[in-house]
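Working notes, structure below.
The values are calculated or read from the model by the stated rules, or taken from the named source; none is laboratory data. This one's a predicted model, so the numbers in the text were calculated from it and none came from an experiment. Glycine also receives a Cβ, built like all others from the backbone with ideal geometry; neighbour counts cover every protein chain displayed.
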Amino acid sequence: MKAALSFELIGDGVKDQYRFYHRLYPGMGHFAAGIGKYPYWVKEVITTSEKNLLSGRKDYTNATRSGLRRVYINYILESGHIYEVKKQVSWKRSMICYIIVTDDGDIIEIQEDEVDKWIQKFKNK
């Protein structure tokens, strides 16, 4: 079963502002535009030390003109896999969590200390 994961890329337009100011003031763009980037990712957890980075598709349908808010990224996830997700929850705070997709297509958050147990469970299927 597959599931769709979507979350907002708060501050995504800052990268464009950085490039603009970097052209005006080489080497100083990150100071002029504020924080230089807002990292996010979705990684498939293979083992506790091995992870594959997934690519998502950005959705600008409802984005503000500057691209700083309402820009979303969408991922298609499959059941039987564990994913590590890093996303912005506010302008200054991000979070990392682990999720799995059930056979019914539901996305469930699991604790970091449970990841090894789930890896073993999926390997034995």
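Pick out, from the range 80-125, the strands (runs of 3 or more DSSP E) lying fully within it that include 3 or more residues that are within 20 Å of Ala3 (Cα to Cα) and in contact (Cβ under 8 Å) with a residue 24 or more places away in the chain.
Where strands (runs of 3 or more DSSP E) fall fully within the range 80-125 and carry at least 3 residues being within 20 Å of Ala3 (Cα to Cα) and in contact (Cβ under 8 Å) with a residue 24 or more places away in the chain, they are 82-88, 94-101.
Output the qualifying pairs, or none if there are none: Cβ atoms under 7 angstrom, residues six or more apart or on different chains, first residue in the range 57-74 and within 9 Å of Gly13 (Cα to Cα), second residue exposed (fewer than 12 other Cβ atoms within 10 Å of the Cβ) and of a type in the set (A, V, I, L, M).
Pairs found: none.
Does Leu68 fit the bill of being modelled with pLDDT under 90 and either surrounded by 11 or more Cβ atoms within 10 Å (Cβ to Cβ) or within 18 Å of the chain's Cα centre (by Cα) (or both)? Talk me through it step by step, then tell me what you get.
Numbers: modelled with pLDDT under 90: yes; either surrounded by 11 or more Cβ atoms within 10 Å (Cβ to Cβ) or within 18 Å of the chain's Cα centre (by Cα) (or both): yes.
Criteria met by Leu68.
Surrounded by 12 or more Cβ atoms within 10 Å (Cβ to Cβ), acidic (Asp, Glu), out of contact with any Pro (no Cβ under 8 Å at 6 or more places or on another chain) and within 26 Å of Gly13 (Cβ to Cβ), is that true of Glu44? Give the derivation first.
Working: surrounded by 12 or more Cβ atoms within 10 Å (Cβ to Cβ): yes; acidic (Asp, Glu): yes; out of contact with any Pro (no Cβ under 8 Å at 6 or more places or on another chain): yes; within 26 Å of Gly13 (Cβ to Cβ): no.
So Glu44 fails the test.
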